[in-house]
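Novice: Just dropping this structure here.
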Amino acid sequence: MAEEKGIPQRRVAFLETCFDVFCKNGLENTGLKILLLAQPV
């Protein structure tokens, strides 16, 4: 199994931000630039 790296809370915050952006824009309209501009809450 792969070793988990990073801080668990930051990983969760990142995934939640990605999920929120995908819900708002849809998968087809979401690129890395939009994810980069999204700020975790």
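The values are calculated or read from the model by the stated rules, or taken from the named source; none is laboratory data. For clarity, every value in this text was computed on a predicted model and none was experimentally measured. Because the Cβ atoms are built from the backbone with ideal geometry, glycine has one as well, and the counts that use them run over all protein chains shown.
Novice: Please tell me if Gly31 is of a type in the set (Gly, Ala, Ser) and modelled with pLDDT of 80 or more.
Specialist: yes
Novice: Note down all Cβ pairs under 8 Å where the first residue falls in the stretch 1-28 and is part of a helix (DSSP H, G or I), the second is among the polar types (S, T, N, Q) and surrounded by fewer than 10 Cβ atoms within 10 Å (Cβ to Cβ), and they're at least six residues apart or on different chains.
Specialist: From residues that are part of a helix (DSSP H, G or I), the pairs are Thr17/Gln39.
Novice: Looking only at the stretch 29-41, how many residues end up being in a helix (DSSP H, G or I) and of a type outside the set (D, E, K, R)?
Specialist: 5
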